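Reviewing the structure listed below.
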Amino acid sequence: MAQITYWWRQFLALIVSLFSSMDWRNMLDIVIVTLIIYQIVKLVRQTRANSVLKGLAFILALTWLSGVMELTTVNWLLLQIINTGVIVLVVLFQPELRRGLEQIGRSRLGGSAFTGAGGTVSADHVAQELVQAATNLARRKVGALIVIERQTGLRDVIQNGIALDAEVSAALIENIFEPNTPLHDGALVLREGRIAAAACFLPLSEDSNISRELGTRHRAALGISETTDAVALICSEETGILSVAREGRLSRYLDAKSMHKMLVELFAPEAPPTANRLWRIFRREGRHE
């Protein structure tokens, strides 16, 4: 109880010091902390970490209440849990911490997923080939999983498949996923506007909220989108439904037009962000939360 009281007094003293002598440094301090909290909430929202944070908040509230009611044994036990909680949180939040560090390390100042040493490949051309292949496969109900590398490298995924290094074409993609062929199982990976590898194995999502209607392809697509910034295209073998997995979220029932628009917007070269553009992105992301 003494530790919590001390921490609470220190927190109140910090708040008073910030607002008693307000200047540009304090304002900047508040803005930075607010953005950090916002990014943390955004990172753990709709993940298993969200439930863990709720449980942690409940334990803190119960610890404070047990101290007020002078429940010595309960309060001591909860304090021991809190004191060792840092190690527990690191273990529990390992996927979220990894994803957060990857997001920090990604460059968002421009560039395209289709820019490589050999020049820039047209995002519209690659999108057209992908959409044509996906719609043809969906029409015949042939299962397919295509992963497009962005800022986070997928070398480990590419290395566990069959290296190709081929130009993106609808005919080649359809041929790769043709049933009863050597490369039809696994994922196709695109890097810098070229087909890097096929028959690649992906980590499966461990999210327990995923619908039971979704099979291994969808779980693999969500798994790679949860741990990296890659975008995955899925064609269901059972229904022929086209889906896109991005940032751990699945968009289903896409048609050719909507998929093409999404791909072009995602992978076209970006202009350096301006203040107005950053504000529009912030507002758009806020509406999607």
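Since every read-out is calculated from the coordinates, none of them should be taken as a lab result. Computed from a prediction, not measured in an experiment: that's the story for all the values here. Ideal geometry is used to build each Cβ from the backbone, glycine not excepted, and the neighbour counts take in all protein chains shown.
In region 176-194, which residues have a backbone nitrogen under 18 Å from the label point lying 7 Å from Phe201's Cα in the Cα-to-Cβ direction?
Only 182-189 pass the distance filter.
From the backbone phi of region 64-72, what are the Karplus-calculated ³J(HN,Hα) couplings (6.51 cos²θ - 1.76 cosθ + 1.60, θ = phi - 60°) in whole Hz, Gly and Pro given as x?
In residue order, the calculated couplings are 4, 5, 5, x, 5, 7, 6, 8, 4 Hz.
Give me the extension gain from Leu28 to Gln159: residue separation times 0.36 nm, minus the current Cα-Cα distance, reported in nm with one decimal.
Length gained, Leu28 through Gln159: 42.7 nm.
Which of the aspartates and glutamates could a cross-linker span from Lys261 if the Cα-Cα distance has to be under 12 Å and same-chain partners fewer than 8 positions apart are dropped?
Once the sequence-local aspartates and glutamates are set aside, what remains near Lys261 is Asp124.
When the Karplus curve 6.51 cos²θ - 1.76 cosθ + 1.60 is applied with θ = phi - 60°, which whole-Hz ³J(HN,Hα) does each residue of region 133-140 get, with x for Gly and Pro?
5, 5, 5, 5, 5, 5, 4, 9
Quickly rank 252-262, 189-199, 30-40, 231-241 as a protection proxy: mean count of other C-beta atoms within 10 Å, highest first.
189-199, 231-241, 252-262, 30-40
What are the ³J(HN,Hα) couplings of region 23-30, residue after residue, when phi is run through the Karplus curve with 6.51, -1.76, 1.60 and θ = phi - 60°? Round to Hz, x for glycine and proline.
9, 5, 5, 5, 4, 5, 4, 5
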